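What follows is one structure encoded as structure tokens, with my remarks underneath.
The values are calculated or read from the model by the stated rules, or taken from the named source; none is laboratory data. Fair warning: this is a prediction, and the values are worked out from it, not measured in the lab. Positions of Cβ are generated from backbone atoms using ideal geometry, with glycine treated the same way; all protein chains shown enter the neighbour counts. The protein model used for the area step is the full one, side chains on, heavy atoms only, and it has no ligands, DNA or RNA in it. Shrake-Rupley method; radii C 1.70, N 1.55, O 1.52, S 1.80 Å.
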Amino acid sequence: MGVLLEMILEKKLPSKQKVIAVLIVLVGTVLATNIINNDIALDWRGIVWGVLAAASFTTTMFTANRVATEISSAQRSLYMLLGGAVIIFSFAFFTQTGSFNLDIFFKWGIILALFGTIIPPMLLNLGFPLTGIGLGSIVSALELPVSVMMAYVLLNEKVIFSQWIGIILIILAIIIMNVNFKRSK
């Protein structure tokens, strides 16, 4: 979606290198998620929520790349976090039925907030104006290989050969996007 948005905003077709990288990322994603070897039935609600999540992330990449780039990345991150907090607290207000456990918050909440909520938007707002939406969305595909590898290392989850191939393909696509194939004369 990021490459499509960049194509629309800049009114030019993506490079052949970028199209190849996107196709490799898509194939790698199918393999890394092990969707082929699972006996699943697709539900239209899951597809809709998935597309909406992708659109939301694409919007986040767009805002990190184009909105208020004159202010510091820390300030932009603060505004993103405040907006996210409003949405999360709204959902929590209407859906939270149990009690809130402060012990879990103090044990894991601060660490998770730092590495999952505070640092990523700061790096996103710092890096996306430099990379652009298209390249940034391809590089953000690294999230899946990291997740699969962490599940393997930390949770001892079984990762099959095709998933490792998918991870290698995603990393290969990112390398392709960052290598300059133009020959100097």
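Before moving on, here are some points about what is shown:
- Set side by side, the residues Met150, Met122 differ, and just one is over 13 Å from Val25 (Cα atoms) and surrounded by 14 or more Cβ atoms within 10 Å (Cβ to Cβ), which is Met122.
- Residue under evaluation Ile170, criteria (1) open to solvent by 70 Å² or more (accessible area, probe 1.4 Å); (2) within 15 Å of the chain's Cα centre (by Cα), criterion not met: (1)
- The residue that is modelled with the highest pLDDT, among those in the range 126-147 that are closer than 16 Å to Ala21 by Cα, in contact with a helix residue (DSSP H, G or I) (Cβ under 8 Å, 6 or more places away or on another chain) and open to solvent by 50 Å² or more (accessible area, probe 1.4 Å), is Leu142.
- Under the condition of being open to solvent by 70 Å² or more (accessible area, probe 1.4 Å), modelled with pLDDT of 80 or more and either assigned to a helix (DSSP H, G or I) or basic (Lys, Arg) (or both), the residues counted in the range 57-73 number 2.
- Evaluation of Thr97 against (1) outside any helix (DSSP H, G or I); (2) under 28 Å from Asn38 (Cβ atoms) (one fails), failing number: (2)
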